[in-house]
Amino acid sequence: MNGRLQRLTSLFRWIVGPLLSAWAAVLWTPWIGLSVLALFVLGPPLTMLPQFLVLRVIPPAPGLPTAPLGDLLHAWWREVVVVTKVFSWQQPWAEHQEPDFIPDAAQGRGQRGVVLLHGYGCNRGLWNGWMKALRKRGIPFVAITQEPAFGSIDRYAPQIDAAMHALQACTGQAPLIVAHSMGGLSARAWWRSQGHAFDRIHRILTLGTPHHGTLLAKLGTTENARQMRGDSEWLNQMAREEPAQLAGHFDCLYGHCDQIVFPAETAILPGARVLHLPARGHLQLVFEPQAFERAMQLLEAPAQRAPERASRAG
């Protein structure tokens, strides 16, 4: 559904916008026509700017200074570029451009696979660059579009489980999960649905995931947006049910210029390994070389031993 919605909005912006501009120019003046066109072209970037500027007054993660204005403006412009790329091309028109890669030859070869999980309002097309790079390296992967787009995060667990099973059957090893934003919560919800089975997880790399909720979710009305509020019972219950050892399987990549997940410390699980990136917006985290490099390091990391109690429970 996300792909269809984004195709409609993309067509509206790039076709209806110029048509309305031409109509306004003919009906009134060329300057009014240009103003209408500027609204369609510059409106989204200008709408994003206040989201970055508000971080000047939102306290960052402990130990981090408030983001300098220059960093916020840099992050804003980089975010404009990737948002345009993702929401005008990759997700609406290239969602299935890169198929999943589950080669028979991987069986017994010792190459661990990767499950890619997108965030709120996105689809698997977000990971096109990652999928090309993984395929080039011969690394098996599955990227899913989590549906329903605006339902409960718990409803994504069966899709994730199918992807995890497919890769483990192919490679003989528990996969690595790489998750952006809400996708990290989807991974935790899937793991809970498995009865906390540590043998199903290798590591989980989260990029800007609101592990403790985000203030921006207060504006959301869909079920999964409400679940991402910092005071949501859904998040609190999941945290209460998770064993302390889970955080040791996580690497949390985050930034204090993230205009979607803030305050910044909400993207960190206590006990997890942490990587901070300055002057990067929320979607930009997916496109950072450091994120892909960390994923490659985690693929080679030794499997963590499951706690005895968790093993019996799983």
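The values are calculated or read from the model by the stated rules, or taken from the named source; none is laboratory data. Here the structure is a predicted model, which means the values were calculated and not measured. Every residue, glycine as well, gets a Cβ built from its backbone with ideal geometry; the counts of neighbours run over all protein chains shown. These accessible areas exclude ligands, DNA and RNA; they are computed on the full protein's heavy atoms, side chains included. Shrake-Rupley method; radii C 1.70, N 1.55, O 1.52, S 1.80 Å.
In table form, for the structure just shown:
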quantity: From the options Ala133, Ala163, Ala157, Ala187, residue that is buried (at least 18 other Cβ atoms within 10 Å of the Cβ), assigned to a helix (DSSP H, G or I) and out of contact with any strand residue (DSSP E or B) (no Cβ under 8 Å at 6 or more places or on another chain); calculated: Ala157
quantity: Residue, most open to solvent (accessible area, probe 1.4 Å), within region 191-205, restricted to residues that are closer than 16 Å to Arg305 by Cβ and outside any loop (DSSP other than H, G, I, E, B); calculated: Asp199
quantity: Lone unmet requirement of (1) in contact with a Pro (Cβ under 9 Å, 6 or more places away or on another chain); (2) modelled with pLDDT under 95 for Phe150; calculated: (1)
quantity: Matching residues in region 124-136 - criterion: being over 18 Å from Leu205 (Cα atoms) and in contact (Cβ under 8 Å) with a residue 24 or more places away in the chain; calculated: Gly125, Lys132, Arg135
quantity: Which listed residue, of Leu215, Leu283, Leu246, is open to solvent by less than 40 Å² (accessible area, probe 1.4 Å) and modelled with pLDDT under 95; calculated: Leu246
quantity: Test for Leu39: is it part of a helix (DSSP H, G or I) and surrounded by 15 or more Cβ atoms within 10 Å (Cβ to Cβ); calculated: no
quantity: Residue among Asp231, Asp258 that alone is touching a residue at least 12 places away in the same chain (Cβ under 8 Å), out of contact with any Asp or Glu (no Cβ under 8 Å at 6 or more places or on another chain), in a loop (DSSP other than H, G, I, E, B) and within 26 Å of Val80 (Cβ to Cβ); calculated: Asp258
quantity: When residues of region 234-243 are limited to those that are buried (at least 16 other Cβ atoms within 10 Å of the Cβ) and either closer than 22 Å to Arg280 by Cβ or free of Cβ contacts under 8 Å to residues at least 60 places away in the same chain (or both), the one farthest from the chain's Cα centre (by Cα); calculated: Met238
quantity: Residue match in region 113-126 (condition: hydroxyl-bearing (Ser, Thr, Tyr) and assigned to a helix (DSSP H, G or I)); calculated: no
quantity: Hits in region 140-154 (condition: open to solvent by less than 10 Å² (accessible area, probe 1.4 Å) and either assigned to a helix (DSSP H, G or I) or farther than 22 Å from Gly3 by Cα (or both)); calculated: Pro140, Ile153
